[in-house]
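Asks: This is the structure, below, for whatever I ask next.
The values are calculated or read from the model by the stated rules, or taken from the named source; none is laboratory data. Please read all numbers here as calculations on a predicted model, not as lab measurements. Cβ placement follows ideal geometry from the backbone for every residue including glycine, while neighbour counts extend to all protein chains displayed.
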Amino acid sequence: KDAFVRVNGNKFELGGKEFIFAGWNQWEMMEAATGAGPPARHLPLPGREHIQRLLNEGVAEGLKVVRVWAHTISKGNEVQSRPGVWDEDALRGLDFFLDEARKRDVKVCLVLADNWYPVGGVDQYVAWSQTADKHQDFFTDSNSKRIFKDMIKTITTRRNTINGVRYGDDATIMSYNLVNEARCQNCPASTIGKWIDEMATYLKSFAPNQLVGLGYEGFFHSDDPAERQATNPGEGSDWASREGQSWARHSRMDSIDYVSIHVWPDNWFPTQSVELQQKFIKSRINIAERIGKPFVLEEFGKKVDRNEGATGFAERDKYFAAAFDLAESAARDGKLSGTIFWHWYDRGVGL
């Protein structure tokens with residue numbers, strides 16, 4: 001029986017049957033697996049019990065996929081302290097997580113780098129290169145690309161110290177995001193596009209049975225048709241069209257296996273309305289249908305301040321309920337294959 005998640009047209013398949021899923025994001029997994037303390041503003045409970053409890057509760061709730069960062073983001077706990085120098089304890093934490101997910105038949109999306117955090121992120125690779133000096137250089141600088149490729153090879157060729165399975169052969173790993181929310185401000189769309197195609201192709205040379213997704217929010221570029229740019233977030237501002245993403249164009253590349261989006265009302269919409277969230281998701285569902293690949297709502301969330309109490313949670317519930325209702329309707333119509341909400345912290349340690 002084939003244990004890898006496959007793509008068949010605009011559907012995922014697992015074991016020869018259509019695979020539709022709900023899942024969750026859990027960025028702090030490597031910190032937890034090694035007992036390291038993540039940034040204080042999040043305060044997730046460190047320790048492997050944290051991981052096991054969330055996996056158990058996820059399975060009990062019918063969740064089938066978890067999206068995690070395959071790197072730490074906190075200073076002092078770097079999984080790669082400099083190019084080629086790896087913290088074996090942190091990597092063994094990733095081994096542990098993947099093995100625990102395997103035991104529960106939970107599939108994993110591994111995020112290999114992050115646009116926002118300097119540790120394990122785009123700016124870290126720029127800092128390591130002697131020939132790059134700004135964020136945008138990450139996508140074109142030969143040394144930055146070489147270091148990133150070395151990381152890809154290290155991860156995909158690693159053999160799990162618990163179960164002996166090479167990562168690139170592990171059916172537990174459903175997919176990879178090369179970078180979470182990659183952005184290249186004021187760059188041509190071809191800049192990120194060429195980088196993604198090069199890196200995805202390289203990754204698949206080590207992991208031919210695993211999938212690659214963009215990890216984009218889902219913006220249209222200033223080079224894209226005006227009617228598509230009009231569907232970007234911003235309520236009159238053109239900021240999203242200047243971030244280097246050309247979502248549909250890049251999603252169509254042969255090296256990309258499925259289509260995904262992230263939606264963030266708090267960051268994008270000054271009015272923060274449920275209607276604007278829904279409008280964005282609907283527009284991307286309709287365009288994804290024409291692309292002809294599986295569509296995943298890969299991140300969606302709503303901030304709640306601790307001092308808002310029950311009122312804040314009730315407001316967030318409106319956004320979550322609307323997103324799930326729309327996703328379920330799209331799934332019934334064959335237009336959506338998965339949802340991954342942001343974020344699931346252990347009990348009492350996050351919002």
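Asks: How many of the residues in the stretch 137-157 are touching a Lys or Arg at 6+ places or on another chain (Cβ under 9 Å), under 16 Å from R183 (Cβ atoms) and surrounded by fewer than 22 Cβ atoms within 10 Å (Cβ to Cβ)?
Replies: 1
Asks: Could you list all residues from the stretch 195-207 that are farther than 27 Å from F300 by Cα and out of contact with any helix residue (DSSP H, G or I) (no Cβ under 8 Å at 6 or more places or on another chain)?
Replies: T201, K204, S205
Asks: For Q277, which of the numbered conditions (1) within 27 Å of V5 (Cβ to Cβ); (2) in contact with a strand residue (DSSP E or B) (Cβ under 8 Å, 6 or more places away or on another chain) fails to hold?
Replies: All conditions pass for Q277, except number (1).
Asks: Restricting attention to the stretch 224-258, and to residues there that are touching a residue at least 40 places away in the same chain (Cβ under 8 Å), among the small types (G, A, S) and outside any helix (DSSP H, G or I), which single residue is surrounded by the fewest Cβ atoms within 10 Å (Cβ to Cβ)?
Replies: S255
Asks: Still on this model: Inside the stretch 183-223, can you point out the residues that are assigned to a loop (DSSP other than H, G, I, E, B) and of a type in the set (G, A, S)?
Replies: S205, A207, G215, G218, S222, listed by residue number.
Asks: Picking from F280, F269, which residue would you name as being more than 25 Å from G120 (Cβ to Cβ), crowded, with 16+ Cβ neighbours inside 10 Å, out of contact with any Cys (no Cβ under 7 Å at 6 or more places or on another chain) and touching a residue at least 60 places away in the same chain (Cβ under 8 Å)?
Replies: After ruling out the rest, the residue left standing is F280.
Asks: Exactly one of these conditions fails for L326: (1) crowded, with 17+ Cβ neighbours inside 10 Å; (2) touching a residue at least 60 places away in the same chain (Cβ under 8 Å); (3) not hydroxyl-bearing (S, T, Y). Give me its number.
Replies: That leaves (2) as the condition not met.
Asks: How about the stretch 1-109: which strands (runs of 3 or more DSSP E) wholly inside it have at least 1 residues that are more than 22 Å from M174 (Cβ to Cβ) and modelled with pLDDT of 95 or more?
Replies: 80-82
Asks: Moving to a separate point now. Of the residues I196, I162, I173, I152, which single one is more than 18 Å from the chain's Cα centre (by Cα) and within 27 Å of G23 (Cα to Cα)?
Replies: Every option except I162 fails the conditions.
Asks: Scan the stretch 156-177 and tell me whether some residue there is assigned to a loop (DSSP other than H, G, I, E, B) and on the phi > 0 side of the Ramachandran plot.
Replies: For the stretch 156-177, residues assigned to a loop (DSSP other than H, G, I, E, B) and on the phi > 0 side of the Ramachandran plot: present.
Asks: Separate question: In the stretch 176-223, what residues are in contact with a His (Cβ under 9 Å, 6 or more places away or on another chain), closer than 29 Å to G15 by Cβ and either among the small types (G, A, S) or surrounded by fewer than 22 Cβ atoms within 10 Å (Cβ to Cβ) (or both)?
Replies: Across the stretch 176-223, the qualifying residue is only G215.
Asks: Restricting to the stretch 75-108, and then to whatever is of a type outside the set (A, V, I, L, M, F, W, C) and touching a strand residue (DSSP E or B) at 6+ places or on another chain (Cβ under 8 Å), can you tell me which residue is nearest to G120 (Cα to Cα)?
Replies: For the stretch 75-108, the residue satisfying everything is Q80.
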